[in-house]
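Working notes, structure below.
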């Protein structure tokens, strides 16, 4: 993956997740708004096989907690770090019928972040 094509404030986050074995497919730093699909907050979308959704979501939480990032319950104020895991039964392939949507994490939150 060419991390230089990503918003500058999310590159290290995406790289960390890819190195941990996650397959990322969309991201934004919540600040640059270079692309039309960018959200007003940092996010990374991870594709996972449907059968692995719960396990991979738990693994993501563990990785974040290991580096000092606490995952909060989803709330209406969009503050904090949230994870939403979604299964789409309309996708018949099965390999990528599920997504993990990580919200609120950006490069400055990672160890050594600036």
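The values are calculated or read from the model by the stated rules, or taken from the named source; none is laboratory data. The shown structure was predicted, so the numbers you read here are calculated from the model rather than taken from an experiment. All Cβ positions, even for glycine, are placed from backbone atoms using ideal geometry, and neighbour counts span all protein chains on display.
For the reader, a short list of remarks on this structure follows.
- Of everything listed in (1) on the phi > 0 side of the Ramachandran plot; (2) at pLDDT below 95, the single unmet condition for residue 41 is (1).
- Region 73-87 - residue that is touching a residue at least 24 places away in the same chain (Cβ under 8 Å) and not in a strand (DSSP E or B) and, of those, nearest to residue 43 (Cα to Cα): 81
- Considering region 64-87, and only residues there that are touching a strand residue (DSSP E or B) at 6+ places or on another chain (Cβ under 7 Å) and over 21 Å from residue 16 (Cβ atoms), the residue that is surrounded by the most Cβ atoms within 10 Å (Cβ to Cβ) turns out to be 87.
- Being under 12 Å from the mean Cα position of the chain (by Cα), free of Cβ contacts under 8 Å to residues at least 24 places away in the same chain and under 21 Å from residue 96 (Cβ atoms) is a condition met by no residue of region 35-43.
- If you check 81, 48 for being modelled with pLDDT of 95 or more and at negative phi, only one passes: 81.
- Among the residues of region 21-38, those identified as surrounded by fewer than 16 Cβ atoms within 10 Å (Cβ to Cβ), on the phi < 0 side of the Ramachandran plot and assigned to a loop (DSSP other than H, G, I, E, B) are 31, 32, 34, 35, 36, 37.
- Taking the conditions (1) over 22 Å from residue 6 (Cα atoms); (2) in a strand (DSSP E or B) in turn, residue 100 satisfies each one other than (1).
- Listed conditions (1) over 16 Å from residue 104 (Cα atoms); (2) more than 11 Å from the chain's Cα centre (by Cα); (3) outside any loop (DSSP other than H, G, I, E, B) are all met by residue 12, apart from (1).
- Among the residues of region 88-109, those identified as farther than 16 Å from residue 23 by Cα, touching a strand residue (DSSP E or B) at 6+ places or on another chain (Cβ under 9 Å) and at pLDDT below 95 are 88, 91.
- Meets criteria (modelled with pLDDT under 95 and out of contact with any helix residue (DSSP H, G or I) (no Cβ under 9 Å at 6 or more places or on another chain)) for residue 62: no
- Meets criteria (surrounded by fewer than 18 Cβ atoms within 10 Å (Cβ to Cβ), over 14 Å from the mean Cα position of the chain (by Cα) and either in a loop (DSSP other than H, G, I, E, B) or in contact (Cβ under 8 Å) with a residue 40 or more places away in the chain (or both)) for residue 55: no
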